[in-house]
Amino acid sequence: MTSMMKMWISFASMGFMFFAIMTIYFSRYKIKQKILKFVTAFAAYIMMIAGGLTMLYIVLSGPSN
């Protein structure tokens, strides 16, 4: 994998994590309906896990050629 591709994947991973943080905030403090609160929180935690695992893969795969 090229280093530029790793850079873009890590940016996408950080974007997922940032969007997940904002979604969790809205889910906890701004949304009043319970089902919508659950759906947004669930989606946010899935994005957080996916972003974390992607970032972990990029970091542990080592330097590129």
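Values in this text are rule-based calculations from the coordinates and carry no lab data. Bear in mind the structure is a predicted one, so any value in this text is a computation, not a measurement. Quick reminder, even Gly has a Cβ in these numbers, built from the backbone with ideal geometry, and neighbours come from all protein chains shown.
Selection over the range 1-42 of residues that are surrounded by 16 or more Cβ atoms within 10 Å (Cβ to Cβ) and among the aromatic types (F, W, Y) gives a count of 1. Looking only at the range 1-12, residues that are out of contact with any helix residue (DSSP H, G or I) (no Cβ under 9 Å at 6 or more places or on another chain) and either charged (D, E, K, R) or not in a helix (DSSP H, G or I) (or both) come to 1 in all. Output the residue which, of all residues in the range 13-65 that are assigned to a helix (DSSP H, G or I) and touching a residue at least 40 places away in the same chain (Cβ under 8 Å), is nearest to S3 (Cα to Cα). Checking each candidate, the answer is I58.
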